[in-house]
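Single-structure report; data block below.
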Amino acid sequence: MKDYYLIEEYISRYFNITEFYTSPETSFFIVDNYNQKRFSKLIMDLDKVGYIPFIEYVKGRYTIGIASKEEKNKSKIHINIILFIATVITTIFAGYNVANGNIWEGIAFAMALLGIIGVHETAHYYAARKHNIKSTLPYFIPAPTFIGTFGAVINIKSPIPDKSSLFDLGFSGPLAGIIIAIPILIIGIYLSKITPIISGSIIFYPPPIMGIIMYFLKPNIPIGYELQLHPLAFAGWVGIIITFLNLMPVAFLDGGHIVRSLFNEKIHRIISIIGVCITLLLGWIPMTILMILILVLNRKHPGALDNVSKLTVKRKIMAIIMLIIFIVCLTPVPRFI
């Protein structure tokens, strides 16, 4: 192994090495103790010489693996700006169609939707910065769809150090997004009108959280009538869908990060398959196909570099809150009548 003695020296500063072995993928050092702060310092030390350590508790032994650090290309902020401007245009056009030709309501739809998506991804960005994880600014994705976008993503450019970092990275986006989506949904439902159901219209099955809001704001919808969603209500509904799909506990989705921070790789894999089945049963076929591809192409979620560290009680409580948010956002795909 190249630089074996250098790596051994760094590890020996913090841990007592008892054994060494290699595999086709990497090299491993067995140590007889564990300390989260010491391992964090080891990450910083080896980063300077181009290596990344990761630790697991395997068969009663603390095992430190070593991987070579991959150099990432520098972010080009002008690409973020160009994509954002393009997404503004495509979402306004989509909103114009949703609002039946009302340009101002179309702009309101675009601003609301981009606000939800933007806050979601910005929360991920600041969670990454909080834990010294390198990441890009959000990349908005314009698309010729009925909402004008495929959402947005940030690109994580450095390993995730521990389970707390992985959990925070996972829950921050959906929580921030739903906090913005709910008031938009409330305003939109208030502005929505009750109209007769006509043949060829789209039936939306409101998720529980939307049903609760409708119960208080529009409690008396007669049989044969429906709530014609205002563009703001539609944007809020899309925000709810974005939240629940991102919270699906599958692979590298936000929910997958949360589950992987709580459980080992084997349990995470089982829960990922359950998540795919739920998505399929709700009728979100394109998302189901995407999830299957992610599972097939990425065999496992590696977790954090420090997979021995524990989550705080506050984070475990937050995990329960995120599960509740996930449940109240679940909804089947709309259908035509």
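Observations, loosely collected:
- Here segment 89-166 and segment 195-243 have alpha carbon centers that stand 23 Å from each other.
- Applied to segment 75-82, the Karplus parametrisation 6.51 cos²θ - 1.76 cosθ + 1.60 on θ = phi - 60° returns per-residue 3J(HN,Hα) values of 5, 10, 5, 5, 5, 4, 5, 4 Hz, with x for Gly and Pro.
- For Ile321, the shell of other residues with beta-carbons less than 15 Å away shows a net charge of +1, using +1 for Lys and Arg and -1 for Asp and Glu.
- The charge dipole of segment 1-131, taken about its Cα centre with unit charges on the Cβ of Lys, Arg, Asp and Glu (plus for the first two, minus for the last two), comes to roughly 300 debye.
- As a calculated quantity, the FRET efficiency between Leu191 and Leu281 at R0 = 41 Å, using C-beta atoms, amounts to about 0.80.
- Computed over neighbours whose Cβ is under 12 Å from that of Gly170, the net charge equals +1, Lys and Arg +1, Asp and Glu -1.
- Ordering Cys277, Cys329 by the number of other Cβ atoms within 10 Å of each residue's own Cβ, fewest first, gives Cys277, Cys329.
- In loop segments of segment 1-46 as defined by DSSP, the trypsin sites (Lys or Arg not before Pro) with at most 14 further C-beta atoms inside 10 Å of their C-beta are Lys2, Arg13.
- With contacts taken as Cα pairs under 8 Å and at least 6 residues apart, the chain reaches a relative contact order of 17 percent.
- Total charge dipole magnitude, the chain, about the Cα centre, Cβ charges on Lys, Arg, Asp, Glu only, Debye to nearest 20: 360 debye
- Sparse packing (at most 15 other Cβ atoms within 10 Å of the Cβ) combined with a DSSP loop state is found for the following trypsin sites (Lys or Arg not before Pro) in segment 202-300: Arg299, Lys300.
- Building the convex hull from the alpha-carbon atoms of the chain and averaging its projection over directions returns 18.7 nm².
- The overall shape of segment 100-196 is prolate: from the C-alpha gyration tensor, with semi-axes ordered a ≥ b ≥ c, the ratio a/c is 1.5 or greater and a/b exceeds b/c.
- Cut-off 11 Å (backbone N to label point 7 Å along Cα→Cβ of Asn102), residues of segment 172-199: 191-193
- Centre separation in Å (Cα based) which lies between segment 1-74 and segment 251-325: 26 Å
- Exceedance of the 20 Å cut-off in Cα-Cα distance is limited, within the set Lys69/Lys157; Lys59/Lys316; Lys130/Lys157; Lys157/Lys266, to Lys59/Lys316; Lys157/Lys266.
- Among 205-218, 165-178, the peptide with the highest mean count of other Cβ atoms within 10 Å heads the list, and the full ranking is 165-178, 205-218.
- Charge context of Leu113, other residues only, Cβ under 15 angstrom, K/R +1, D/E -1: -2
- Checking every one of the GluC sites (Glu not before Pro) in segment 1-92 against DSSP loop status and a limit of 14 other Cβ atoms within 10 Å picks out Glu25, Glu70, Glu71.
- Here the Karplus relation 6.51 cos²θ - 1.76 cosθ + 1.60, evaluated at θ = phi - 60°, turns the backbone of segment 312-317 into coupling constants of 6, 4, 4, 6, 5, 5 Hz, with x for every Gly and Pro.
- For segment 98-103, 3J(HN,Hα) per residue [Karplus equation, 6.51 cos²θ - 1.76 cosθ + 1.60, θ = phi - 60°, Hz, x = Gly/Pro]: 4, 8, 6, x, 8, 5
- Each of Leu46, Leu83 has some number of other Cβ atoms within 10 Å of its Cβ, and from fewest to most they run Leu83, Leu46.
Each value in this text was obtained by applying a stated rule to the coordinates, not by laboratory testing. Quick caveat, the model's predicted, so the values are computed rather than measured. Note: ideal-geometry Cβ built from the backbone for every residue, glycine included; neighbour counts use all protein chains shown.
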